[in-house]
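One structure is given below, encoded as structure tokens.
The values are calculated or read from the model by the stated rules, or taken from the named source; none is laboratory data. All values derive from a computational prediction rather than experimental measurement. Every residue, glycine among them, receives a Cβ derived from its backbone with ideal geometry; neighbour counts consider all protein chains shown.
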Amino acid sequence: MKILVAGSTGNTGTRLVKELCERGHDVIALVRASSDTGALPDTVTLRQGDLTALDDDVAQGCEVVIFAAGSGGDTSAEMTDKVDRDGAIRLIDIAQASDVRRFVMLSSVGADDPDPDSELAHYLEAKHAADEHLKQSSLEYAILRPVSLTDDGPTGSVRLGDDVDPEGKAARGDVANLLADAAEQDEWAGSIQLMETAY
């Protein structure tokens with residue numbers, strides 16, 4: 001499949017792009033002009049775009065879009081809104097207008113019902129808004145909500161669903177593999193999954 005990845009040069013996105021390439025997909029990496037693309041495979045097509053100002057044709061020709069981007073933990077509330085909320089919502093609208101079939105969202109535990117007292121409250125509210133917009137779109141969707149991320153590679157041992165410990169950990173390698181699964185597999189359509197690595 002032809003798959004567009006937003007957040008392709010991030011810690012999780014780079015792993016995801018490599019996994020998709022290994023599975024034989026035609027990967028298009030959405031990158032800013034200033035992005036360091038050195039870690040991406042040579043077979044990847046680079047498509048320039050900034051999540052704060054996306055062109056209407058950025059998802060053209062793609063069957064699946066995966067949003068694996070994030071403004072980062074040290075950014076301002078304004079930038080969190082621009083990337084995690086407004087950027088995601090804009091990309092969902094573009095995907096819908098471009099006849100994309102499925103949109104896979106990397107969200108976060110707690111995004112279903114953000115705790116206003118959490119130190120991540122603003123981030124979770126932004127993710128919540130994006131998730132809700134996706135659910136109300138006409139796209140096939142899959143939403144993955146991992147717990148706190150580690151930089152570990154894939155373990156292949158993951159727990160999904162209501163038994164996930166919100167205080168647990170999720171390896172980025174496992175998250176990347178599950179996002180790739182969500183792009184490929186029919187059973188992910190219309191699915192929202194909490195996720196942790198079963199260390």
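Residue check: Pro41 meets all listed conditions (1) farther than 22 Å from Ser191 by Cα; (2) crowded, with 16+ Cβ neighbours inside 10 Å; (3) touching a Lys or Arg at 6+ places or on another chain (Cβ under 8 Å) but one, namely (2). For segment 19-38, taking the residues that are out of contact with any strand residue (DSSP E or B) (no Cβ under 8 Å at 6 or more places or on another chain) and farther than 15 Å from Ala6 by Cβ, the one that is surrounded by the most Cβ atoms within 10 Å (Cβ to Cβ) is identified as Glu19. Could you check, for segment 58-80, whether at least one of its residues is modelled with pLDDT of 95 or more, of a type in the set (S, T, N, Q) and not in a helix (DSSP H, G or I)? Looking through segment 58-80, at least one residue is modelled with pLDDT of 95 or more, of a type in the set (S, T, N, Q) and not in a helix (DSSP H, G or I). Listed by first and then second residue, the pairs linking a residue in segment 166-181 that is under 16 Å from Ile66 (Cα atoms) and free of Cβ contacts under 8 Å to residues at least 60 places away in the same chain to a residue that is hydroxyl-bearing (Ser, Thr, Tyr) and not in a loop (DSSP other than H, G, I, E, B), with Cβ atoms under 7 Å apart and 6 or more places separating them unless they lie on different chains, are Asp174/Thr197. When Leu4 is tested against (1) farther than 25 Å from Asp152 by Cβ; (2) of a type in the set (A, V, I, L, M); (3) in a helix (DSSP H, G or I), only condition (3) is not met.
Mind listing whichever residues of segment 112-150 are part of a strand (DSSP E or B) and either among the polar types (S, T, N, Q) or out of contact with any helix residue (DSSP H, G or I) (no Cβ under 8 Å at 6 or more places or on another chain) (or both)?
Just the residues of segment 112-150 that are part of a strand (DSSP E or B), to begin with: 140-146, 148-150.
Within segment 112-150, Glu140, Arg145, Ser148, Thr150 qualify.
Name the residues in segment 159-179 that are in contact with a Pro (Cβ under 9 Å, 6 or more places away or on another chain) and closer than 20 Å to Glu19 by Cα, would you? Matches in segment 159-179: Ala170, Ala171, Arg172, Gly173, Asp174, Val175, Ala176, Asn177, Leu178. Entry remark, segment 137-157: residues being aliphatic (A, V, I, L, M) and over 20 Å from Gly70 (Cβ atoms) number 1 in total.
One residue stands out in segment 20-39 among those that are modelled with pLDDT of 95 or more and part of a loop (DSSP other than H, G, I, E, B): the one that is nearest to Ile94 (Cα to Cα), namely His25.
Quick check on segment 174-182. Is at least one of its residues part of a helix (DSSP H, G or I) and in contact with a Gly (Cβ under 7 Å, 6 or more places away or on another chain)? Looking for residues that are part of a helix (DSSP H, G or I) and in contact with a Gly (Cβ under 7 Å, 6 or more places away or on another chain), one finds none in segment 174-182, hence no.
Suppose the filter is touching a residue at least 24 places away in the same chain (Cβ under 8 Å), assigned to a loop (DSSP other than H, G, I, E, B) and either within 19 Å of Ala170 (Cβ to Cβ) or of a type in the set (Asp, Glu) (or both); does Asp84 pass it? No: the conditions fail for Asp84.
Quick one: in segment 87-111, of everything that is surrounded by fewer than 23 Cβ atoms within 10 Å (Cβ to Cβ) and either part of a helix (DSSP H, G or I) or of a type in the set (A, V, I, L, M, F, W, C) (or both), which residue is modelled with the lowest pLDDT? Going through the qualifying residues, I end up with Val109. Within segment 36-68, if we keep just the residues that are charged (D, E, K, R) and without any contact (Cβ under 8 Å) to a residue 40 or more places away in the chain, the residue that is nearest to Asp84 (Cα to Cα) turns out to be Asp50.
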